[in-house]
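J.: Here it is: the structure, laid out below.
The values are calculated or read from the model by the stated rules, or taken from the named source; none is laboratory data. What you are looking at is a predicted structure, and each value in this text was computed from that prediction instead of being measured.
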Amino acid sequence: MVRCTGLFGVKRAPKWVIGVILGTTTLLLGACGSAAYVDSRREAGQNEPVGTSTADMVAICYSKSPATTAQVLKLAESECAKTGRVAQYQREERWTCTAVAPRRVFYSCVAKP
């Protein structure tokens, strides 16, 4: 009988089990990616935001990836378009939103040129 042991004599799992575990882990981590969203929280029954976004400054939480860069700008432009203005980049902060969307970028809504 052939014994399959790894470091310290511990039995290793068959390759297909390792594949299933790696595949499942990849899928789960991929699902953790979050779409960009405007940080415009409000208290129940109130019209004024308590989040960092206002009509003059849009704050967007997102996860850094090539796909989200265009999504973030498009989201900022759509928020500023509600007041007939355009988005202008201001600054970015790290680890200020959630664990799956740790970055927050700020855009000012300014008059169209």
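J.: What are the residues in the stretch 40-57 that are part of a strand (DSSP E or B) and at pLDDT 75 or above, if any?
T.: 57
J.: Does residue 28 count as at pLDDT 80 or above and in a helix (DSSP H, G or I)?
T.: For residue 28, the condition - at pLDDT 80 or above and in a helix (DSSP H, G or I) - is not met.
J.: Sort out which residues of the stretch 94-113 are farther than 14 Å from residue 38 by Cα and either of a type in the set (D, E, K, R) or part of a loop (DSSP other than H, G, I, E, B) (or both), and write them in order of number.
T.: 94, 95, 99, 100, 112, 113
J.: Would you tally the residues in the stretch 59-82 being among the aliphatic types (A, V, I, L, M) and part of a strand (DSSP E or B)?
T.: 2
Condition check ((1) within 11 Å of residue 105 (Cα to Cα); (2) at pLDDT below 85; (3) of a type in the set (Val, Ile, Thr)) across all residues:
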| site | (1), (2), (3) |
| --- | --- |
| 34 | no, yes, no |
| 38 | yes, no, yes |
| 62 | yes, no, no |
| 72 | yes, no, yes |
| 78 | no, no, no |
